[in-house]
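So the structure is just underneath, and the comments pick up after that.
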Amino acid sequence: ADDVLIVNASEEARAIIGLNVADGSEAWKADYDQLELCFATPVLVDGEGGVTEAVIAMPGEAWGLNPKTGKLRWFYETGTGGNVSPSVVVGEDALFTFGGFPRQQTVAIRRGGRGDLTESNRLWEANESSYVATPLLHEGHLYWVSDRGFAMSMNAKTGETVTKARLSGLRSGGRPVYASPILASGKLIVVTRKSGTLVFDASPEMKVAHQNPPLDESQFNATPAVVDGSLYLRSDEALYCVR
């Protein structure tokens, strides 16, 4: 956010820390014990009054912070217990949180407001959710492939599950997918841990158009990146560029 790098130092410090980009010194620090089980990345959002907010979900709550000071602008009690790995997904009118253990849940929060938004900004909650990957919001639906290997799509307005389909041909024990989906060239792309790359039609039916073989025999846990028409994929052993 401008001249501050925002880091979720969950395991290290149970805090979200703002670091000055110029010299790495600490600009601010927001402590919260439950951050120990939060593995999400803060997301910058246009908040109320034209102020940018750093938004993050953690066990039990979601926060909107002032990225220049670390001060809490709003919070929302999600009730999501256990680990929270996915980042908050930002929609035009809503924020979506995911995760939890042993039970997962998705929570939709209306954007805007200050202070305690738990009652005033509640939109819906759903029992289907992502445990590891950050879902993708595209044309009114949330998409992800679960760590257990299910292709998932959800109506972002209602929380209704549209598709939940087990994918065949995936290997890596009980958790074949960790990476988050991306949208490229009108297709959903999901990298599996040991079974290659899945390419879906970008529609709620989640039809698999292609399954490309793995590039090496190690694990692919990272979400790919697209830059200037090239797809970058990282395994435990190498970085690949696919054009």
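The values are calculated or read from the model by the stated rules, or taken from the named source; none is laboratory data. The shown structure was predicted, so the numbers you read here are calculated from the model rather than taken from an experiment. Quick reminder, even Gly has a Cβ in these numbers, built from the backbone with ideal geometry, and neighbours come from all protein chains shown. Please note that ligands, DNA and RNA were not included when accessible areas were found on the heavy atoms of the full protein model with its side chains. Shrake-Rupley method; radii C 1.70, N 1.55, O 1.52, S 1.80 Å.
With all pairs of different C-alpha atoms in the average, the Kirkwood value for the hydrodynamic radius of the stretch 47-86 is 10.7 Å. Computed extension length for T41-T118: 25.6 nm, one decimal, from 0.36 nm per residue of separation with the Cα-Cα distance subtracted. Note the full-extension length gain between S168 and S218 as 0.36 nm times their separation in residues minus their Cα-Cα distance, in nm to one decimal. Separation in residues times 0.36 nm, less the Cα-Cα distance, equals 16.0 nm. Using R0 = 22 Å, the C-beta based FRET efficiency linking E12 and N127 works out to 0.10. Result for the chain in a Gaussian network model with C-alpha springs under 10 Å: among S168, S195, S130, the largest mean-square fluctuation is at S168.
For the stretch 43-89, which trypsin sites (Lys or Arg not before Pro) pass both filters: DSSP loop (anything but H, G, I, E, B) and at most 11 other C-beta atoms within 10 Å? All intermediate terms of the calculation are to be shown ahead of the outcome.
Values: sites: K68, K71, R73; in loops: K68, K71.
Passing both the DSSP loop test and the Cβ count: K71.
Given a Förster radius of 45 Å and the C-beta distance between L72 and N155 as r, what FRET efficiency does 1/(1 + (r/R0)^6) yield to the nearest 0.05? Taking R0 as 45 Å, the efficiency between L72 and N155 is 0.90. Taken along its three principal axes, the alpha carbon spread of the stretch 118-212 comes to 45, 29, 18 Å, from the longest extent down to the shortest. With a point put 7 Å past each Cα toward its Cβ, work out how far H210 is from R243 in nm, to one decimal. Placing both labels 7 Å along Cα→Cβ, they lie 1.6 nm apart.
Expressed as a whole percentage, what fraction of the accessible surface of the chain belongs to carbon and sulfur atoms when a 1.4 Å probe is rolled over the protein heavy atoms?
Details: 5530 of 11580 Å².
Solvent-exposed carbon and sulfur of the chain make up 48 percent of the total.
Compute log10 of I(q)/I(0) for the stretch 1-47 with the Debye formula, placing one identical point scatterer on every Cα and leaving out solvent, at q = 0.16, 0.27, 0.31 Å⁻¹, to two decimals. Cα-only, vacuum Debye calculation for the stretch 1-47: -0.44, -1.00, -1.11. The Cα trace of the chain gives Rg and Dmax of 18.1, 50 Å, the first to one decimal, the second as a whole number. Where Lys and Arg each count +1 and Asp and Glu each count -1, what net charge lies around T80 among other residues with Cβ under 14 Å from its Cβ? Net local charge, T80 excluded: -2. With all projection directions averaged, the alpha carbon convex hull of the stretch 11-98 covers 5.8 nm².
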